[in-house]
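Enquirer: This is the structure I want to talk about, given as structure tokens.
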Amino acid sequence: MTQAALLAKSKLDEVGVGVNLDEGRDNGRFEGTDYAWSLDIAKMDPPPSSTGVQEEVPVDLYRLELDVMWREGRDERHAKFTTMRAIQPGGAP
């Protein structure tokens, strides 16, 4: 699990850095390993304020869900990692 967490951190650290985020799914393999990944990116509505009113925020919010998969013997294992990104609309982060 420790290797999966390290690989997930490296993948999530590069997502949305210097480029705009696009909603959707992507997948691949971690180079030089037996680990694979699947990434879902979804734009989120900002949370309501304490008064319950939806307010405008100066950023777009994205939820990133990364699933890391690997095999241990005959068993397939996976670990899910979730984080949020705040991106300025119309520009790179």
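Enquirer: If T83 passes every condition in (1) modelled with pLDDT of 90 or more; (2) of a type in the set (S, T, N, Q); (3) open to solvent by 80 Å² or more (accessible area, probe 1.4 Å) but one, which one does it miss?
Expert: Looking at each condition in turn, T83 falls short on (3).
Enquirer: Given the residues S49, S38, which is the only one that is within 29 Å of A4 (Cβ to Cβ), open to solvent by less than 40 Å² (accessible area, probe 1.4 Å) and of a type in the set (G, A, S)?
Expert: One residue alone meets the criteria, S38.
Enquirer: Do the conditions hold for G32, that is, is it out of contact with any strand residue (DSSP E or B) (no Cβ under 9 Å at 6 or more places or on another chain), without any contact (Cβ under 8 Å) to a residue 24 or more places away in the chain and either on the phi > 0 side of the Ramachandran plot or of a type in the set (F, W, Y) (or both)?
Expert: Numbers: out of contact with any strand residue (DSSP E or B) (no Cβ under 9 Å at 6 or more places or on another chain): yes; without any contact (Cβ under 8 Å) to a residue 24 or more places away in the chain: yes; either on the phi > 0 side of the Ramachandran plot or of a type in the set (F, W, Y) (or both): yes.
When the stated conditions are applied, G32 passes them.
Enquirer: Quick one: in segment 1-41, of everything that is aliphatic (A, V, I, L, M) and touching a Phe, Trp or Tyr at 6+ places or on another chain (Cβ under 7 Å), which residue is modelled with the lowest pLDDT?
Expert: Taking the candidates together, the pick is L21.
Enquirer: Next question, about the same structure. Do we find that P58 is touching an Asp or Glu at 6+ places or on another chain (Cβ under 9 Å) and at pLDDT below 85 in this structure?
Expert: Numbers: touching an Asp or Glu at 6+ places or on another chain (Cβ under 9 Å): no; at pLDDT below 85: yes.
No: the conditions fail for P58.
Enquirer: Determine the pairs where a residue that is among the basic types (K, R), located within segment 64-93, has a partner that is at pLDDT 95 or above with Cβ atoms under 6 Å apart, the partner being 6 or more residues away or on another chain.
Expert: R77/W70; K80/D67
Table: residues versus (1) open to solvent by less than 80 Å² (accessible area, probe 1.4 Å); (2) under 17 Å from Q88 (Cα atoms).
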residue	(1), (2)
L7	yes, no
S10	yes, no
G16	yes, yes
V59	yes, yes
R63	no, yes
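Enquirer: Taking interchain pairs and intrachain pairs at least six residues apart, which have beta carbon atoms under 8 angstrom, with the first residue in segment 4-27 and within 13 Å of R85 (Cβ to Cβ) and the second small (G, A, S) and loosely packed, with under 13 Cβ neighbours inside 10 Å?
Expert: The qualifying pairs are G18/A92; V19/A92; N20/G91; N20/A92.
The values are calculated or read from the model by the stated rules, or taken from the named source; none is laboratory data. Quantities reported herein were computed from a predicted structural model and do not represent experimental measurements. Heads up, the Cβs are rebuilt from the backbone with ideal geometry, glycines too, and the neighbour counts pull from every protein chain shown. Heads up: the accessible areas ignore ligands, DNA and RNA and are worked out on the full protein's heavy atoms, side chains in. Shrake-Rupley method; radii C 1.70, N 1.55, O 1.52, S 1.80 Å.
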